[in-house]
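Heads up: the structure comes next, in structure tokens.
The values are calculated or read from the model by the stated rules, or taken from the named source; none is laboratory data. In this text, all values refer to a predicted model and were calculated from it rather than measured experimentally. Every residue, glycine as well, gets a Cβ built from its backbone with ideal geometry; the counts of neighbours run over all protein chains shown. Areas reflect the complete protein model, heavy atoms only, side chains present, ligands, DNA and RNA absent. Shrake-Rupley method; radii C 1.70, N 1.55, O 1.52, S 1.80 Å.
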Amino acid sequence: MVEFRSKLDSSKSRALNNNMFKKLLWLYAGLTVLLIVFGVIGIVLKEDSSDVAAGIGLIVLGVLITPLGYLLSRFLQKRIDKSATYISENTEEVYTFDEQYITLTQTRSDVFSSTLKARYSYIYKAREDNNYFYLYISKMQSHVIDKSSITQGTLEEVTSLLKTNLGDKFKSK
């Protein structure tokens, strides 16, 4: 059995947000290149001064699109965190992995307590990076487990359980 014990605070949603942003980075990069190319074409093939202004505008927008996308995603994540009262330093999460089940218990003093016990087939897909395990229950929903919060067992045991029970649905680093 392996156990992780941590707080469900904004660091988890920030980790998930950064993970999702990395996945969309190719989209932002492609859009950046397209806008810059169209801007350069507008300047090179200018018919009047408005084409130069439009070209410069497209280039500037292209350069700013990735940082703006990142800032927008952070802003939206903060709004979600603020509205989700269960995301708090006072909310404790305990993840337990055994041969057949993953159990998640979330508790926030006397405000709420929730326990989920599920077979590994409940997981849509899972992946790990250097700091976290991401257990997706759908394309857009994920449990984030900080590897440093392990209190019992080893990280190798979790990786082995996920590989064994999820097969190709688990991606490691």
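Relative contact order of the stretch 1-124, taken over Cα pairs closer than 8 Å and 6 or more residues apart, is 31 percent. Considering all different alpha carbon pairs of the chain, the Kirkwood hydrodynamic radius works out to 18.7 Å.
Simple point charges give the picture: +1 on the Cβ of Lys and Arg, -1 on the Cβ of Asp and Glu, and for the chain a dipole about the Cα centre of about 180 debye.
Taking the Cβ of Phe38 as the center, what net charge do the other residues with Cβ under 14 Å away carry, scoring Lys and Arg +1 and Asp and Glu -1? Charge balance near Phe38 sits at 0.
Residue order by solvent-accessible surface for Tyr70, Tyr132, Tyr120 is Tyr70, Tyr132, Tyr120, largest first, with ligands and nucleic acids left out and a 1.4 Å probe. The angle between the Cα long axis of helix 49-83 and the main principal axis of the chain comes to about 20°, on a 0 to 90 degree scale.
When nucleic acids and ligands are ignored and a 1.4 Å probe is applied, Lys169 ends up with an accessible area of around 80 Å². Measuring with a 1.4 angstrom probe and ignoring ligands and nucleic acids, Phe112 comes out at about 60 Å² accessible. The angle separating the long axis of helix 155-166 from the principal Cα axis of greatest extent in the chain is about 80 degrees.
Taking all protein chains into account, the per residue accessible area for the chain stands at 61 Å² (1.4 Å probe).
Look at where the Cα atoms of the stretch 129-152 and of the stretch 87-111 average out, and the two centres are 12 Å apart. Give me the angle, in degrees from 0 to 90, between the Cα long axis of helix 10-44 and the longest principal axis of the Cα atoms of the chain, rounded to the nearest 10. That helix lies at roughly 20 degrees to the long axis.
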